[in-house]
Structure formats: C-alpha cells, structure tokens
Amino acid sequence: MSIRLRGHHLLCLMTYVGRGYTPAFTANYDAIVARLDAGEPVRLVEGPDDVCAPMLGGGHHCLNASVTERDARARAALAGLFGGGFAPGDLIDLSAPRVAAMRAAFASGASRAACAGCQWTRLCDDIAAGGFRRVRLAGAAGDLSLPGDLSLPCAPRNRD
C-alpha cells in the first residue's frame, strides 16, 4: 500500500499540528500521519489525494487551478531536495531524516515559494518559527540511513 499525496501536501505535512478544515478532515489527516510514521510510502499524484478525500463532496478547492499550480510549485521546490525528477507516480519514503531535511528546507524558505496564496501560510510560518513544536509527523523510523548530506535526501524510488 501507499498513501496518495499531491505535491503541496508534502509541504503541509511538515507543519501539520492537528488543525484542518473540518473534524473529518483532521481525523483523516491524523490517520495518514500515523500510516506515514509506520513507514508506509507516499505515491505522488496529480490532483486530489488521500488528504483531500473528506472534502471532495462539498465542492471544496481541491480541483481549483490555483491548487494544482501550488502542487507544481511544490514538486519543483522539492525536486532539488529529492534529487530531481519529483514526478507524479514516484514513490517516496518519509523517513525521520528526510522529514528533518524537508523541515530544514521549509524553515530556511527554500521550499516556501510553493505556499504562495495558501490560507494556512501564517499558521505554518508560526510553526516553523517555533521550531516545529507540536507537529504530528515524526517520519518513519525504519531506514534511518541517508547517504551524503542530510539536506539532500535520496531520490524518490522507482515508479514501478
């Protein structure tokens, strides 16, 4: 199994503290975080994903052009961090070192251009400025080895 995530939700995960659009959305997000922390990989997708699932029936913004543009900006911002080729279909393991590297990039602003226009930006800014206290995602404790510099985690796994 894998968790289907769109590009910008990889950034949202870095600052997720249990706040969301609705109680159902938050409960779903908490379940996704638990699966990620247990080592389940992410399958990068275009369009609505597993995080969006509770919101799809209500005409929410998941299908808006501005959101798909945010996904593209997030994929581009994270491509360098993941060794390029950050494309839909890729499988990505979110180990604790990778999550730490993504948070470092987020805190430094290296991946923040993707967040332009997001209604949650101020909350995420506060969480990053506070050292990511109370965030829910720890990252999988499985394979903690990471070749080279921790700021450049491994490339995504094959799409197979």
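Every number in this text was worked out from the coordinates using simple rules, so none of it is lab data. What you see is a predicted model; the values in this text were computed from it and never measured. Cβ atoms come from the backbone with ideal geometry, glycine included; neighbour counts cover every protein chain shown.
For the reader, a short list of remarks on this structure follows.
- Here the peptides 88-98, 24-34 are ranked by packing, the mean other Cβ count within 10 Å, and the order with the highest first is 88-98, 24-34.
- For region 124-132, backbone phi angles converted through the Karplus equation (6.51, -1.76, 1.60; θ = phi - 60°) give residue-by-residue couplings of 5, 4, 5, 5, 5, 4, x, x, 6 Hz, Gly and Pro being listed as x.
- With the alpha-carbon atoms of region 3-129 aligned to their principal axes, the span from lowest to highest coordinate is 36, 30, 26 Å, starting with the largest.
- Rounded to the nearest Hz, the phi-derived 3J(HN,Hα) couplings of region 98-111 under the Karplus curve 6.51 cos²θ - 1.76 cosθ + 1.60 (θ = phi - 60°) are 5, 4, 4, 5, 5, 5, 4, 5, 5, 5, 6, x, 4, 10, where x marks glycine and proline.
- Those residues of region 99-132 whose amide nitrogen sits under 13 Å from the label point placed on Y21, 7 Å along Cα→Cβ: 119-120
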